[in-house]
Amino acid sequence: MIQIYFLLELNLVKWIKIGGLPTIAVYDLDIQQRECDLVAATFGRGFYVLDNYAPLRDVNTTILDKKAHLFPVKDALLYVPSAPLGLTGTGSQGADLWAAENPAFGATFSLYIKETEKSLKEKRQETEKKLESEKKDVFYPTFEELRKEENEEKAQLIWIIKDKSNKEIKRLITTPSKGISRINWNLRTETTSAIKISKSAPGRYESADDGFLISEGEYTVEVIQLKNGIGEKLIEPTKFNVKSLFPSMTTPKMNEDLTSFRKEVSELKRSLAGSEKLMSETNEKLELINYALTNYPNAPIKLIEQTKAIKHNLEQCSILLYGDNLIAHLEFETPTSIMNRFGTVEYQLFETTTSVTATQRKNIEITKEEYAVFRSKLNEQIIALEQIEKQLQDIQLPYLKGADQNWKEE
């Protein structure tokens with residue numbers, strides 16, 4: 001039977017155990033020198049791989065005495081991960097086709113934290129156990145103490161990644177843990193979709209809601225620990241490099257143009273996604289107002305004609321944005337919608353490192369023109385609905401969504 005240990009320092013007879021390997025007979029150990037991987041082959045014909053164990057070579061007592069330490073970051077290779085089966089992983093092949101996961105794509109950060117701060121509840125429970133062991137009285141915590149425990153926020157690590165111009169492009173959030181831990185960044189910027197607290201996990205048929213790939217170059221990462229609204233910098237900005245796997249296929253000018261175009265498309269997506277959300281909220285508010293005009297006493301029925309007109313115009317906005325589903329459902333050709341045109345370009349850019357095409361630029365130009373027409377029409381409906389809300393202020397209606405601070409100021 002075997003366990004794997006590493007020697008802390010040559011002049012210290014101190015071996016530290018590496019976790020993750022079960023207690024099983026290991027018949028062979030080998031080092032993949034190019035990637036600095038440690039490979040173990042077991043008696044049961046299994047393989048275990050420790051990816052890039054280089055940080056273990058740097059561990060010493062000086063580092064272990066520090067509050068936190070970020071090990072040197074290995075150069076990250078930039079490429080588009082292949083999907084030979086057409087989908088992620090083994091696709092739809094089922095359990096008959098087994099495959100082990102590859103090392104995570106992107107940049108991997110290895111962070112050492114000496115100690116993690118205990119919560120108020122953990123501290124209280126430790127104190128209570130100590131009092132019990134000493135045969136002393138243990139008193140029930142006060143309501144104020146319990147409220148503080150309930151409202152205490154868990155510590156978070158905020159990883160801030162910046163490009164060579166010192167512009168922030170991505171944040172990663174993790175939970176601090178004692179010892180050495182790793183986090184991976186998939187070399188993508190932050191999405192400009194409408195903000196959601198809960199994001200759906202990527203599945204077999206769809207990717208995560210991420211931004212576009214970055215270009216090769218020099219980047220920095222720093223780490224801030226956030227606890228109860230107070231931020232503490234654990235790691236100063238540390239440089240690392242992102243290199244193309246196929247450098248001969250790109251040029252600096254090509255990368256510069258691609259980065260600029262990605263930013264342009266991302267900003268357009270921010271506008272489109274925000275307008276989508278705004279139109280949805282306007283429709284919801286309109287539905288509530290129309291219901292109130294129909295059902296509540298003293299509500300002026302004459303305003304229903306105006307709400308119907310707004311509803312019709314919002315439907316026209318929806319057709320501009322998404323296309324005419326009625327005609328499409330009947331198998332007739334429909335003009336390309338704003339979102340279809342934009343979505344095609346976004347899909348093409350999501351997994352590419354090549355130069356921008358003239359067709360992509362033209363499609364984005366058309367999308368901007370059509371979006372301006374759509375947004376102007378949407379703004380008109382929002383203003384019209386606000387006018388109806390003002391007319392309803394003197395009527396004793398229950399709260400309507402969107403009334404905010406204007407509701408019942410008296």
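The values are calculated or read from the model by the stated rules, or taken from the named source; none is laboratory data. Since the structure is predicted, the reported quantities are computational estimates derived from the model, not experimental observations. Every residue, glycine among them, receives a Cβ derived from its backbone with ideal geometry; neighbour counts consider all protein chains shown.
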Is there any pair linking a residue in the range 112-124 that is outside any loop (DSSP other than H, G, I, E, B) to one that is loosely packed, with under 11 Cβ neighbours inside 10 Å, with Cβ under 7 Å and at least six apart or on different chains, and which?
113/178
Members of the range 265-285 that are farther than 14 Å from residue 374 by Cα and surrounded by 16 or more Cβ atoms within 10 Å (Cβ to Cβ):
265, 266, 269, 282, 283, 285
Among the candidates 29, 97, 87, single out the residue that is at pLDDT 80 or above and either within 29 Å of the chain's Cα centre (by Cα) or within 30 Å of residue 188 (Cα to Cα) (or both).
97
Scan the range 286-296 and give yes if some residue there is outside any helix (DSSP H, G or I), under 30 Å from the mean Cα position of the chain (by Cα) and either surrounded by 15 or more Cβ atoms within 10 Å (Cβ to Cβ) or in contact (Cβ under 8 Å) with a residue 40 or more places away in the chain (or both), otherwise no.
no
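The rows are residues; the columns are (1) touching a helix residue (DSSP H, G or I) at 6+ places or on another chain (Cβ under 7 Å); (2) under 25 Å from residue 253 (Cβ atoms).
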| residue | (1), (2) |
| --- | --- |
| 321 | yes, no |
| 333 | no, no |
| 336 | no, no |
| 339 | yes, no |
| 346 | yes, yes |
| 351 | no, yes |
| 354 | no, yes |
| 363 | yes, yes |
| 377 | yes, no |
Out of the helices (runs of 4 or more DSSP H) lying entirely within the range 307-410, which hold 2 or more residues that are under 22 Å from residue 293 (Cβ atoms) and touching a residue at least 12 places away in the same chain (Cβ under 8 Å)?
358-391
Here are some residues: 245, 278. Which one is in contact (Cβ under 8 Å) with a residue 60 or more places away in the chain and within 30 Å of residue 379 (Cα to Cα)?
278
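Residues checked against (1) assigned by TED's automatic domain parsing to the domain that holds residue 178; (2) surrounded by 14 or more Cβ atoms within 10 Å (Cβ to Cβ):
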residue: 98; (1), (2): yes, no
residue: 106; (1), (2): yes, yes
residue: 113; (1), (2): yes, yes
residue: 123; (1), (2): no, no
residue: 127; (1), (2): no, no
residue: 142; (1), (2): no, no
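Yes or no, residue by residue, for (1) among the small types (Gly, Ala, Ser); (2) touching a His at 6+ places or on another chain (Cβ under 7 Å); (3) surrounded by 18 or more Cβ atoms within 10 Å (Cβ to Cβ):
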residue	(1), (2), (3)
164	no, no, no
179	yes, no, no
200	yes, no, no
203	yes, no, no
206	no, no, no
209	no, no, no
216	no, no, yes
220	no, no, no
243	no, no, no
Residue 262 passes all but one of (1) loosely packed, with under 14 Cβ neighbours inside 10 Å; (2) of a type outside the set (Gly, Ala, Ser); (3) at pLDDT 95 or above; which number fails?
(1)
Boolean, residue 261 is within 17 Å of residue 108 (Cβ to Cβ) and out of contact with any Leu (no Cβ under 7 Å at 6 or more places or on another chain):
no
Residues 310, 327: which one is of a type in the set (Val, Ile, Thr) and either surrounded by 14 or more Cβ atoms within 10 Å (Cβ to Cβ) or touching a His at 6+ places or on another chain (Cβ under 7 Å) (or both)?
310
